[in-house]
Amino acid sequence: MSALRRWRAVARESLAIALAQPVASLVTIVMVAGMCATVLLTTGRTVGAEQAVLGSIDSAGTRSIVVRAEPDSGLDTGVLDRIANIGGIQWAGAFSDATDARNSAFAGGTRVPVRLAWGDSLGALGVSAHPALPDTSAYASSQALQQLGMPGDVGGLVATTGADYAVVGKIAVPDYLQFLEPLVVVPQARTAESKPIGVLVVIADRPDLVTPIAAAVLSVLAVDDPTKVKVSTSESLATLRGLVKGQLGSFGRNLVIVIFGLTALLVAAILYGLVMLRRKDFGRRRALGASQGLIVALLLSQVAGLSAIGATAGSIAAAIGLASGGDPLPGLDFFVAVSVLAVAVGMIAAVLPALVAAKRDPLRELRVP
């Protein structure tokens with residue numbers, strides 16, 4: 001008999017045994033389902049809340065490094081080439097000092113700051129990679145457009161320097177650039193000649209990389225006067241994120257260990273009692289040639305199947321309960337992990353009763369009192 005056919009036979013026999021003792025099977029399913037539901041309704045709710053909190057903290061704003069430079073500091077666009085060699089950077093952009101500009105259609109219109117912008121990832125702001133008017137096409141935020149009086153998101157700008165720009169679209173200002181609002185950017189093509197910049201914004205891939213990347217960026221600024229450069233980071237928010245995750249995570253782990261441990265003891269006790277009640281059945285199987293390994297496989301496969309059913313039922317019930325209560329749901333990976341762990345706990349709890357059943361002496365169990 002091939003291994004596949006052998007395991008199919010074991011699975012069919014395990015199913016027959018489970019159906020032959022419906023009460024015990026139902027109790028096992030209910031216990032495992034209750035275990036999963038309890039974990040998901042307690043720790044799962046905590047994990048969902050943790051993910052929601054971390055989601056609000058763990059935005060690009062918690063990974064930002066902002067370098068502000070005075071006009072005569074010597075900071076220029078060449079820094080973008082140097083920081084391109086630093087790993088762990090998700091986004092980087094350089095901006096000139098602000099120049100006031102107004103709507104060319106209104107002589108006394110409200111002035112808003114306009115900044116020239118350089119960077120290979122400006123498309124993330126909604127800027128076209130190939131503007132119709134290179135170096136003079138401007139993109140404005142909703143706040144800037146409102147102050148300029150441009151409801152159609154297009155128009156002309158006249159800067160105090162005499163430069164003219166054409167507003168060709170609207171940009172979405174991310175959290176890490178909110179400090180520049182109202183924001184109007186004019187994307188500039190990179191040239192061999194370096195241009196002075198007033199603000200450099202760098203976004204790290206992860207919050208824990210903020211500190212080392214900030215140090216690396218500071219080392220390659222190559223400014224003439226370091227005292228005229230100020231670097232600010234979101235290191236405090238990154239630290240807060242780590243504290244929140246650590247506290248909520250430790251609470252969830254401890255609760256899961258307690259719930260799974262108690263359920264494992266109860267499942268082991270029930271299975272041991274069932275083994276003792278059915279010891280003559282196992283004795284007959286041993287007398288008919290069943291090996292100890294086969295007895296263990298029958299019991300473990302039976303418990304695995306029942307645990308899988310219970311884990312699925314408990315997970316579905318918990319998901320419905322969390323959703324109906326308006327609580328944040330943990331990710332699918334958490335549901336899968338809890339279900340797999342529940343099946344594993346059930347099988348581990350069944351090992352000792354299975355070994356006891358396999359080691360029963362067939363002659364002793366079949367002896368008529």
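The values are calculated or read from the model by the stated rules, or taken from the named source; none is laboratory data. Predicted, not measured: the structure shown is a model, and the values here were computed from it. Quick reminder, even Gly has a Cβ in these numbers, built from the backbone with ideal geometry, and neighbours come from all protein chains shown. Note: areas computed on protein heavy atoms with side chains; ligands, DNA, RNA excluded. Shrake-Rupley method; radii C 1.70, N 1.55, O 1.52, S 1.80 Å.
Of all residue pairs spaced 6 or more apart or on separate chains, those with beta-carbon atoms under 6 Å, a first member in region 122-137 that is within 24 Å of Gln178 (Cβ to Cβ) and a second member that is open to solvent by 50 Å² or more (accessible area, probe 1.4 Å) and of a type outside the set (Gly, Ala, Ser) are Ser137/Val168.
Quick grid of which residues meet (1) more than 18 Å from Ala18 (Cβ to Cβ); (2) of a type in the set (Ser, Thr, Tyr); (3) crowded, with 17+ Cβ neighbours inside 10 Å; (4) modelled with pLDDT under 85:
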site	(1), (2), (3), (4)
Arg286	yes, no, yes, yes
Ala317	yes, no, no, no
Ile320	yes, no, no, no
Gly325	yes, no, no, yes
Asp333	yes, no, no, yes
Gly346	no, no, yes, yes
Leu352	yes, no, no, yes
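Only one entry of Thr38, Thr46 meets the criterion of being at pLDDT 75 or above and open to solvent by 20 Å² or more (accessible area, probe 1.4 Å), and that entry is Thr38.
The set of residues in region 52-83 being at pLDDT 65 or above and part of a helix (DSSP H, G or I) consists of Thr62, Arg63, Gly78, Val79, Leu80, Asp81, Arg82, Ile83. Among the residues of region 169-200, those that are surrounded by 14 or more Cβ atoms within 10 Å (Cβ to Cβ) and over 37 Å from the mean Cα position of the chain (by Cα) comprise Ser194, Lys195, Pro196.
Restricting attention to region 101-118, the residues that are without any contact (Cβ under 8 Å) to a residue 60 or more places away in the chain, farther than 15 Å from Gly156 by Cβ and open to solvent by less than 20 Å² (accessible area, probe 1.4 Å) total 0. Residues in region 60-90 that are within 19 Å of Tyr176 (Cβ to Cβ) and open to solvent by 80 Å² or more (accessible area, probe 1.4 Å): Arg68, Gln90. A count restricted to region 151-162 and to residues that are assigned to a loop (DSSP other than H, G, I, E, B) and closer than 12 Å to Ser137 by Cα stands at 1.
Counting the residues of region 124-168 that are open to solvent by 50 Å² or more (accessible area, probe 1.4 Å) and farther than 18 Å from Ser104 by Cβ gives 7.
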